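Worksheet: one structure, shown below.
The values are calculated or read from the model by the stated rules, or taken from the named source; none is laboratory data. None of these values were measured; they are calculated from a predicted model. Neighbour counts run over all protein chains shown; Cβ positions are idealised from the backbone, glycine included.
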Amino acid sequence: MTGTLIGCDSKSTPSDSASTASSSTSISTTLASEVINFTRMPSAACSNQAPSGELTATRIEAANTTRSEPGLYEGPVWIKDALYFSDFTFSAGFPSRIQKLDSSGKMSVFMEDSGSNGIAADAQGNLIAGTHKYKSLSKYNINTGERTSVVEKFNENLFNSPNDLAITKDGVIYFTDPDYQTKAAPGGQDKTRVYRVATDGTVSVVDDTLSNPNGISLSPDEKTLYVVGNQEAGVLRKYEILDGVPQMGVTIAEGINVPDGMAVDCAGNLYVTEHVGKQIRVYTPEGQQIATIKVDANVTNAAFGGPENKTLFITGAGAVWKLDLAISGSAY
(Lines give C-alpha, C1' and ligand atoms only; values in the text may rest on other atoms or scores of the structure.)
Protein backbone atom coordinates (compact mmCIF):
# COMPACT_ATOMS: atom_id res chain seq x y z
CA MET A 1 0.00 0.00 0.00
CA THR A 2 1.00 3.60 -0.38
CA GLY A 3 -0.03 6.17 2.16
CA THR A 4 0.00 9.94 2.34
CA LEU A 5 2.50 10.44 5.09
CA ILE A 6 2.93 13.27 7.55
CA GLY A 7 4.97 16.08 6.11
CA CYS A 8 3.09 16.13 2.80
CA ASP A 9 1.50 19.33 1.47
CA SER A 10 -2.00 18.30 2.56
CA LYS A 11 -2.40 19.71 6.04
CA SER A 12 -4.41 22.13 8.09
CA THR A 13 -3.26 24.50 10.80
CA PRO A 14 -5.05 25.91 13.81
CA SER A 15 -5.96 29.03 11.85
CA ASP A 16 -8.16 26.88 9.60
CA SER A 17 -10.53 26.03 12.44
CA ALA A 18 -12.26 27.63 15.36
CA SER A 19 -9.99 25.81 17.75
CA THR A 20 -10.82 28.07 20.64
CA ALA A 21 -14.59 27.83 20.32
CA SER A 22 -16.39 26.56 23.37
CA SER A 23 -19.95 25.84 24.35
CA SER A 24 -21.90 25.21 27.48
CA THR A 25 -22.88 21.55 27.72
CA SER A 26 -25.33 20.11 30.21
CA ILE A 27 -23.58 18.05 32.86
CA SER A 28 -25.74 16.17 35.32
CA THR A 29 -23.00 14.97 37.65
CA THR A 30 -21.53 17.58 40.00
CA LEU A 31 -17.81 17.03 40.46
CA ALA A 32 -15.53 18.73 42.93
CA SER A 33 -12.83 20.64 41.11
CA GLU A 34 -9.65 18.63 41.45
CA VAL A 35 -6.37 18.01 39.69
CA ILE A 36 -6.22 14.59 38.05
CA ASN A 37 -2.91 13.20 36.84
CA PHE A 38 -4.00 10.81 34.11
CA THR A 39 -1.74 8.24 32.47
CA ARG A 40 -2.84 5.92 29.68
CA MET A 41 -0.71 2.97 30.80
CA PRO A 42 -0.23 1.83 34.42
CA SER A 43 3.16 2.61 35.93
CA ALA A 44 3.53 -0.71 37.77
CA ALA A 45 5.75 -3.46 36.38
CA CYS A 46 4.08 -5.52 33.66
CA SER A 47 3.21 -9.11 34.60
CA ASN A 48 3.27 -10.20 30.94
CA GLN A 49 0.66 -12.88 31.67
CA ALA A 50 -1.40 -12.47 28.52
CA PRO A 51 -4.73 -14.29 28.12
CA SER A 52 -4.92 -17.42 26.01
CA GLY A 53 -7.59 -19.72 24.61
CA GLU A 54 -11.29 -18.85 24.64
CA LEU A 55 -12.66 -16.69 27.47
CA THR A 56 -16.08 -15.22 28.20
CA ALA A 57 -16.72 -11.76 29.64
CA THR A 58 -19.52 -11.12 32.16
CA ARG A 59 -22.27 -8.62 31.45
CA ILE A 60 -22.66 -5.84 34.05
CA GLU A 61 -26.42 -5.88 34.50
CA ALA A 62 -26.57 -2.42 36.08
CA ALA A 63 -25.14 -0.94 32.89
CA ASN A 64 -27.78 -2.36 30.53
CA THR A 65 -29.37 0.35 28.40
CA THR A 66 -32.70 1.85 29.39
CA ARG A 67 -33.21 3.54 26.02
CA SER A 68 -36.04 2.36 23.78
CA GLU A 69 -34.17 3.27 20.57
CA PRO A 70 -31.47 0.94 19.23
CA GLY A 71 -27.92 2.20 19.56
CA LEU A 72 -24.44 1.50 20.87
CA TYR A 73 -22.15 2.15 23.81
CA GLU A 74 -18.73 3.29 22.59
CA GLY A 75 -15.36 4.73 23.52
CA PRO A 76 -14.75 3.53 27.10
CA VAL A 77 -12.06 5.27 29.15
CA TRP A 78 -11.15 4.60 32.80
CA ILE A 79 -10.40 7.79 34.76
CA LYS A 80 -9.52 7.62 38.45
CA ASP A 81 -12.22 5.22 39.72
CA ALA A 82 -14.89 5.21 37.02
CA LEU A 83 -15.57 4.15 33.43
CA TYR A 84 -16.83 6.85 31.06
CA PHE A 85 -18.31 5.92 27.68
CA SER A 86 -20.49 7.28 24.89
CA ASP A 87 -24.10 6.14 24.55
CA PHE A 88 -25.65 7.01 21.17
CA THR A 89 -28.70 5.91 19.21
CA PHE A 90 -29.27 5.37 15.50
CA SER A 91 -32.02 7.99 15.24
CA ALA A 92 -31.54 11.17 13.19
CA GLY A 93 -28.30 12.92 14.09
CA PHE A 94 -27.04 9.96 16.16
CA PRO A 95 -27.77 11.72 19.48
CA SER A 96 -25.18 10.83 22.09
CA ARG A 97 -24.50 11.29 25.79
CA ILE A 98 -21.62 10.28 28.06
CA GLN A 99 -22.40 7.76 30.77
CA LYS A 100 -20.40 7.08 33.93
CA LEU A 101 -20.10 3.68 35.61
CA ASP A 102 -18.37 4.05 38.97
CA SER A 103 -16.36 1.43 40.84
CA SER A 104 -19.39 0.49 42.96
CA GLY A 105 -21.38 -0.40 39.85
CA LYS A 106 -23.59 2.71 39.92
CA MET A 107 -24.58 4.20 36.57
CA SER A 108 -25.22 7.90 35.98
CA VAL A 109 -25.33 10.32 33.06
CA PHE A 110 -22.14 12.36 33.16
CA MET A 111 -23.11 14.60 30.24
CA GLU A 112 -26.18 14.99 28.08
CA ASP A 113 -25.99 15.78 24.35
CA SER A 114 -22.24 15.25 23.98
CA GLY A 115 -22.45 14.15 20.34
CA SER A 116 -19.53 11.82 21.05
CA ASN A 117 -18.23 8.44 19.90
CA GLY A 118 -14.69 7.43 20.88
CA ILE A 119 -13.20 8.98 24.02
CA ALA A 120 -9.65 9.33 25.35
CA ALA A 121 -8.22 11.56 28.07
CA ASP A 122 -5.49 14.16 28.33
CA ALA A 123 -2.89 14.39 31.10
CA GLN A 124 -5.33 16.32 33.30
CA GLY A 125 -8.07 13.71 32.94
CA ASN A 126 -10.23 15.82 30.62
CA LEU A 127 -12.22 13.85 28.06
CA ILE A 128 -11.01 14.16 24.46
CA ALA A 129 -13.72 12.83 22.17
CA GLY A 130 -14.48 12.24 18.54
CA THR A 131 -17.71 14.18 18.15
CA HIS A 132 -19.85 13.44 15.10
CA LYS A 133 -22.31 16.14 16.17
CA TYR A 134 -19.62 18.78 15.56
CA LYS A 135 -17.55 16.79 13.02
CA SER A 136 -14.54 17.56 15.19
CA LEU A 137 -12.42 16.52 18.13
CA SER A 138 -13.74 18.06 21.34
CA LYS A 139 -12.41 18.46 24.86
CA TYR A 140 -14.82 18.17 27.80
CA ASN A 141 -13.57 19.49 31.11
CA ILE A 142 -13.81 16.63 33.62
CA ASN A 143 -14.94 18.99 36.39
CA THR A 144 -17.26 21.44 34.62
CA GLY A 145 -18.31 19.70 31.42
CA GLU A 146 -17.36 22.75 29.34
CA ARG A 147 -16.71 21.83 25.71
CA THR A 148 -13.77 23.24 23.74
CA SER A 149 -13.05 22.41 20.12
CA VAL A 150 -9.64 20.76 19.63
CA VAL A 151 -9.60 20.57 15.83
CA GLU A 152 -12.42 20.88 13.29
CA LYS A 153 -11.10 20.90 9.73
CA PHE A 154 -8.67 19.43 7.25
CA ASN A 155 -8.05 21.24 3.95
CA GLU A 156 -10.76 23.74 4.91
CA ASN A 157 -13.45 21.04 5.17
CA LEU A 158 -15.04 19.56 8.27
CA PHE A 159 -14.22 15.97 9.13
CA ASN A 160 -16.63 13.09 8.39
CA SER A 161 -17.35 11.62 11.82
CA PRO A 162 -14.25 11.37 14.05
CA ASN A 163 -14.42 7.97 15.68
CA ASP A 164 -11.55 6.71 17.82
CA LEU A 165 -8.34 8.30 19.07
CA ALA A 166 -5.04 7.77 20.86
CA ILE A 167 -2.92 10.40 22.59
CA THR A 168 0.81 10.32 23.31
CA LYS A 169 2.38 11.46 26.58
CA ASP A 170 3.47 14.63 24.76
CA GLY A 171 -0.06 15.42 23.62
CA VAL A 172 0.07 14.34 19.97
CA ILE A 173 -3.33 12.98 18.92
CA TYR A 174 -3.96 10.24 16.37
CA PHE A 175 -7.55 9.66 15.27
CA THR A 176 -9.67 7.84 12.72
CA ASP A 177 -12.33 9.51 10.56
CA PRO A 178 -14.68 6.98 8.93
CA ASP A 179 -18.07 7.92 7.47
CA TYR A 180 -20.36 5.92 9.77
CA GLN A 181 -22.04 8.96 11.36
CA THR A 182 -21.24 11.48 8.65
CA LYS A 183 -24.95 12.33 8.23
CA ALA A 184 -25.07 13.65 11.78
CA ALA A 185 -24.26 17.12 10.42
CA PRO A 186 -23.58 18.78 7.04
CA GLY A 187 -20.14 18.69 5.46
CA GLY A 188 -17.33 16.19 5.41
CA GLN A 189 -14.25 14.91 3.61
CA ASP A 190 -13.90 13.21 0.22
CA LYS A 191 -12.15 10.20 1.79
CA THR A 192 -11.91 8.34 5.07
CA ARG A 193 -8.51 8.76 6.71
CA VAL A 194 -6.26 8.36 9.73
CA TYR A 195 -4.94 11.70 11.00
CA ARG A 196 -2.24 13.06 13.28
CA VAL A 197 -2.75 16.29 15.24
CA ALA A 198 0.51 17.90 16.37
CA THR A 199 0.71 19.79 19.65
CA ASP A 200 0.46 23.08 17.71
CA GLY A 201 -2.80 21.91 16.11
CA THR A 202 -1.40 21.04 12.68
CA VAL A 203 -3.33 18.17 11.08
CA SER A 204 -1.56 15.69 8.77
CA VAL A 205 -2.61 12.47 7.06
CA VAL A 206 -1.20 9.18 8.34
CA ASP A 207 -3.12 6.88 5.96
CA ASP A 208 -5.80 7.49 3.33
CA THR A 209 -5.91 3.98 1.85
CA LEU A 210 -7.82 2.17 4.60
CA SER A 211 -11.58 2.06 4.07
CA ASN A 212 -13.42 3.33 7.15
CA PRO A 213 -10.54 3.19 9.65
CA ASN A 214 -11.94 2.63 13.11
CA GLY A 215 -10.08 1.48 16.24
CA ILE A 216 -6.69 3.02 16.94
CA SER A 217 -4.10 2.50 19.66
CA LEU A 218 -0.47 3.10 20.56
CA SER A 219 2.03 0.56 21.82
CA PRO A 220 3.08 1.03 25.47
CA ASP A 221 6.36 2.67 24.40
CA GLU A 222 4.51 4.82 21.82
CA LYS A 223 6.86 3.67 19.06
CA THR A 224 4.12 1.92 17.08
CA LEU A 225 0.64 2.98 16.01
CA TYR A 226 -2.06 0.36 15.32
CA VAL A 227 -5.26 0.86 13.31
CA VAL A 228 -8.09 -1.48 12.29
CA GLY A 229 -10.54 -0.95 9.45
CA ASN A 230 -11.76 -2.17 6.05
CA GLN A 231 -15.18 -3.27 7.34
CA GLU A 232 -16.18 -6.87 6.44
CA ALA A 233 -12.70 -7.58 5.06
CA GLY A 234 -11.17 -6.20 8.22
CA VAL A 235 -7.44 -5.78 8.74
CA LEU A 236 -5.07 -4.73 11.51
CA ARG A 237 -2.23 -2.44 10.46
CA LYS A 238 0.87 -1.29 12.30
CA TYR A 239 2.82 1.90 11.66
CA GLU A 240 6.33 2.31 13.00
CA ILE A 241 6.83 5.81 14.43
CA LEU A 242 10.26 7.29 13.69
CA ASP A 243 11.14 10.72 15.08
CA GLY A 244 7.47 11.28 15.76
CA VAL A 245 6.40 10.42 12.21
CA PRO A 246 4.36 7.25 11.45
CA GLN A 247 5.79 5.32 8.51
CA MET A 248 3.87 3.40 5.87
CA GLY A 249 1.37 0.96 7.39
CA VAL A 250 1.89 -2.80 7.23
CA THR A 251 -1.01 -5.25 7.53
CA ILE A 252 -0.28 -7.80 10.28
CA ALA A 253 -3.69 -9.52 10.60
CA GLU A 254 -6.63 -10.09 8.25
CA GLY A 255 -10.05 -11.74 8.25
CA ILE A 256 -11.54 -9.64 11.08
CA ASN A 257 -15.30 -9.32 10.53
CA VAL A 258 -16.01 -5.58 10.92
CA PRO A 259 -13.24 -4.58 13.35
CA ASP A 260 -14.26 -1.77 15.66
CA GLY A 261 -12.36 -0.53 18.73
CA MET A 262 -9.09 -1.64 20.27
CA ALA A 263 -7.22 -1.74 23.59
CA VAL A 264 -3.62 -2.66 24.37
CA ASP A 265 -2.10 -4.32 27.44
CA CYS A 266 1.20 -3.46 29.08
CA ALA A 267 3.00 -6.16 27.05
CA GLY A 268 1.76 -4.65 23.80
CA ASN A 269 -0.88 -7.27 23.01
CA LEU A 270 -3.86 -5.89 21.10
CA TYR A 271 -7.51 -6.49 22.00
CA VAL A 272 -9.47 -5.95 18.77
CA THR A 273 -13.26 -5.93 18.94
CA GLU A 274 -14.97 -7.86 16.15
CA HIS A 275 -18.29 -6.04 15.96
CA VAL A 276 -20.67 -8.57 14.40
CA GLY A 277 -18.62 -11.52 15.62
CA LYS A 278 -19.54 -10.61 19.22
CA GLN A 279 -15.99 -11.20 20.36
CA ILE A 280 -12.55 -9.74 20.92
CA ARG A 281 -9.54 -11.18 19.15
CA VAL A 282 -6.32 -10.82 21.15
CA TYR A 283 -3.16 -10.46 19.05
CA THR A 284 0.52 -10.23 19.85
CA PRO A 285 2.29 -7.05 18.67
CA GLU A 286 3.33 -9.04 15.59
CA GLY A 287 -0.27 -9.99 14.70
CA GLN A 288 -0.50 -13.58 15.98
CA GLN A 289 -3.88 -14.35 17.55
CA ILE A 290 -3.50 -15.82 21.05
CA ALA A 291 -6.98 -15.57 22.59
CA THR A 292 -10.66 -14.91 21.99
CA ILE A 293 -13.01 -13.16 24.43
CA LYS A 294 -16.73 -13.80 23.87
CA VAL A 295 -19.68 -11.53 24.70
CA ASP A 296 -23.42 -11.91 24.04
CA ALA A 297 -24.12 -8.91 21.76
CA ASN A 298 -22.42 -6.82 19.08
CA VAL A 299 -19.23 -5.33 20.50
CA THR A 300 -17.62 -1.94 19.90
CA ASN A 301 -14.61 -1.13 22.08
CA ALA A 302 -12.57 -1.98 25.18
CA ALA A 303 -10.46 -0.41 27.92
CA PHE A 304 -8.60 -1.57 31.02
CA GLY A 305 -9.63 -0.27 34.43
CA GLY A 306 -10.15 -1.19 38.05
CA PRO A 307 -7.72 -0.73 40.97
CA GLU A 308 -4.73 -2.21 39.10
CA ASN A 309 -5.96 -1.71 35.53
CA LYS A 310 -6.37 -5.48 35.20
CA THR A 311 -10.10 -5.51 34.49
CA LEU A 312 -11.00 -5.39 30.81
CA PHE A 313 -14.21 -3.40 30.26
CA ILE A 314 -15.98 -3.99 26.96
CA THR A 315 -18.73 -1.88 25.39
CA GLY A 316 -21.29 -2.88 22.81
CA ALA A 317 -24.96 -2.80 21.86
CA GLY A 318 -26.43 -1.28 25.02
CA ALA A 319 -24.20 -3.28 27.31
CA VAL A 320 -20.93 -3.28 29.25
CA TRP A 321 -19.03 -6.48 30.06
CA LYS A 322 -15.98 -7.07 32.22
CA LEU A 323 -13.27 -9.68 32.47
CA ASP A 324 -10.59 -9.84 35.16
CA LEU A 325 -7.16 -10.61 33.71
CA ALA A 326 -3.68 -11.26 35.06
CA ILE A 327 -2.21 -8.42 33.03
CA SER A 328 -2.78 -4.66 33.15
CA GLY A 329 -3.44 -2.41 30.20
CA SER A 330 -4.37 0.94 28.73
CA ALA A 331 -7.15 3.05 30.23
CA TYR A 332 -8.67 3.52 26.74
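Quick notes
Results for (1) in contact (Cβ under 8 Å) with a residue 24 or more places away in the chain; (2) crowded, with 20+ Cβ neighbours inside 10 Å; (3) of a type in the set (A, V, I, L, M, F, W, C), shown as yes or no for each residue.
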residue: Ser104; (1), (2), (3): no, no, no
residue: Met111; (1), (2), (3): yes, yes, yes
residue: Ser116; (1), (2), (3): yes, yes, no
residue: Ala120; (1), (2), (3): yes, yes, yes
residue: Leu127; (1), (2), (3): yes, yes, yes
residue: His132; (1), (2), (3): yes, yes, no
residue: Glu152; (1), (2), (3): yes, yes, no
residue: Asn160; (1), (2), (3): yes, yes, no
residue: Leu165; (1), (2), (3): yes, yes, yes
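- Residue that is surrounded by the fewest Cβ atoms within 10 Å (Cβ to Cβ), among those in the stretch 89-102 that are touching a residue at least 40 places away in the same chain (Cβ under 8 Å) and in a strand (DSSP E or B): Lys100
- Here Pro307 clears all of (1) out of contact with any Phe, Trp or Tyr (no Cβ under 6 Å at 6 or more places or on another chain); (2) surrounded by fewer than 23 Cβ atoms within 10 Å (Cβ to Cβ); (3) modelled with pLDDT of 95 or more; (4) within 30 Å of Ser104 (Cβ to Cβ) except the condition numbered (3).
- The stretch 44-66 residues that are in contact (Cβ under 8 Å) with a residue 60 or more places away in the chain, paired with ones that are in a strand (DSSP E or B) and small (Gly, Ala, Ser) (beta carbon under 7 Å, 6 or more apart): Pro51/Ala291; Ser52/Ala291; Gly53/Ala291; Leu55/Ala291
- Among the conditions (1) touching a residue at least 24 places away in the same chain (Cβ under 8 Å); (2) more than 27 Å from Gly71 (Cα to Cα), the only one that Leu323 does not satisfy is (2).
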